[in-house]
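Novice: I'd like to ask you about the structure that follows.
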Amino acid sequence: VLCGPFRGVRYIDETVWGSITPKWLGSYEAELHAIIEGIVASPPATVIDVGCAEGYYAVGLAVRIPTVKIIAFDTDFISRGQVRRLAELNGVADRIEIRSFCDHALLDSLSVGRTLVICDIEGAEADLLNPAMARWLFHNNILVEIHEVSSSSSAVELLLKSRFAVSHHIRRIVATDRESWIGDNRQHIAQSISPAAIRSAAEENRATGRVWLWMQSRK
């Protein structure tokens, strides 16, 4: 990885979900980079990554935080295999536990000490992130992606905000383009690569209007 909070992480040459070149560049989800650096500066004891895909965050955080325990969930068996490969490539396989399905009971039982929950599960966060069913969510910091702009996604966002409004400080983050990121990081990328090629490589090929909620527990 050339840039960003996971700069220096060794990466595989295959992806399961989405474009791989933004992950090689380190521009992937650049909107979250400052938050990731804040997490590293004040690290959790445990990270529960639900919907981990090939492990960009699971392995990246394991590399950046040598003391952290990662539990990575994905129902896709190919993704779980890629997480294992990526963890072994970076020498952190002993601190990453890979599982398939996460439910409320597991979420509660695995929340030990300071816990960060990362959640990207295509709309199912409305069910999983329910503190009435998983009480430790009141104590956990939570980073959740809300997908494409639609009435259903807006309803999920409003539901999550209502559930955590009292227990958490909530920050809303909206997807942006990569022009400013390219300008800030051009020195880390080979000068022989044209600006057009860099813009193409940084393109995540995802729908516009993505939103994240960064919810920090008041507890």
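The values are calculated or read from the model by the stated rules, or taken from the named source; none is laboratory data. Fair warning: this is a prediction, and the values are worked out from it, not measured in the lab. All Cβ positions, glycine included, derive from the backbone under ideal geometry; neighbour counts span all protein chains shown. Calculation scope for accessible area: heavy atoms of the full protein, side chains included, ligands and nucleic acids excluded. Shrake-Rupley method; radii C 1.70, N 1.55, O 1.52, S 1.80 Å.
Novice: Principal axis extents for the chain, Cα atoms only, whole Å, descending order, please.
Specialist: 54, 40, 32
Novice: For K219, which aspartates and glutamates qualify as cross-link partners when the Cα separation must be under 19 Å and same-chain residues fewer than eight apart are set aside?
Specialist: D108
Novice: Measuring from centroid to centroid over Cα atoms, what is the spacing of the stretch 102-158 and the stretch 1-31 in Å?
Specialist: Comparing the Cα centres of the stretch 102-158 and the stretch 1-31, I get a distance of 24 Å.
Novice: So what's the back-of-envelope 222 nm ellipticity for the chain, counting only DSSP H runs of four-plus at -39500 (n - 2.57) apiece and dividing by all residues, rounded to 500?
Specialist: Working: 9 runs with 76 residues, N = 219.
-9500 deg cm²/dmol, from helical runs alone.
Novice: Carbon and sulfur atoms: what percent of the 1.4 Å accessible area of the chain do they account for? List each step's numbers first, then the result.
Specialist: Numbers: 5540 of 10100 Å².
Taking all protein chains in place, the chain shows 55 percent carbon and sulfur surface.
Novice: Give the relative contact order (percent, whole number) for the stretch 37-186; include only Cα pairs under 8 Å separated by 6+ residues. Walk me through the numbers before you get to the answer.
Specialist: On the way: 218 pairs, mean separation 30.9, N = 150.
Value for the stretch 37-186: 21 percent.
Novice: Another question, then. Ordered by packing density, taken as the mean number of other Cβ atoms within 10 Å over each peptide's residues, highest first, how do 182-192, 73-83 rank? Don't skip to the end; give the middle numbers.
Specialist: Working: 182-192: 11.7, 73-83: 19.4.
Peptide ranking by packing, descending: 73-83, 182-192.
Novice: Share of antiparallel DSSP beta bridges in the chain, in percent to the nearest 5?
Specialist: Working: 12 of 30 bridges.
Bridges in the chain are about 40 percent antiparallel.
Novice: Compare C102, C119, C52 in a GNM of the chain, Cα atoms joined below 10 Å, and give the one with the largest fluctuation.
Specialist: Most flexible of the set in this elastic network: C102.
Novice: How long are the semi-axes of the equivalent ellipsoid of the stretch 1-85, defined as square roots of 5 times the Cα gyration tensor eigenvalues? Whole Å, largest first. Could you put the intermediate results ahead of the total?
Specialist: Working: eigenvalues 71, 55, 22 Å².
Output for the stretch 1-85: semi-axes of 19, 17, 11 Å.
Novice: Using Cα-only point scatterers and the Debye equation, what is log10 of I(q)/I(0) for the stretch 42-87 at each q in 0.23, 0.25, 0.26 Å⁻¹, rounded to two decimals?
Specialist: At q = 0.23, 0.25, 0.26 Å⁻¹ the computed log10 ratios are -0.71, -0.81, -0.87.
Novice: One-quarter of the Cα convex hull surface for the stretch 101-209, in nm²? List each step's numbers first, then the result.
Specialist: Numbers: hull surface 36.2 nm².
The number I arrive at for the stretch 101-209 is 9.1 nm².
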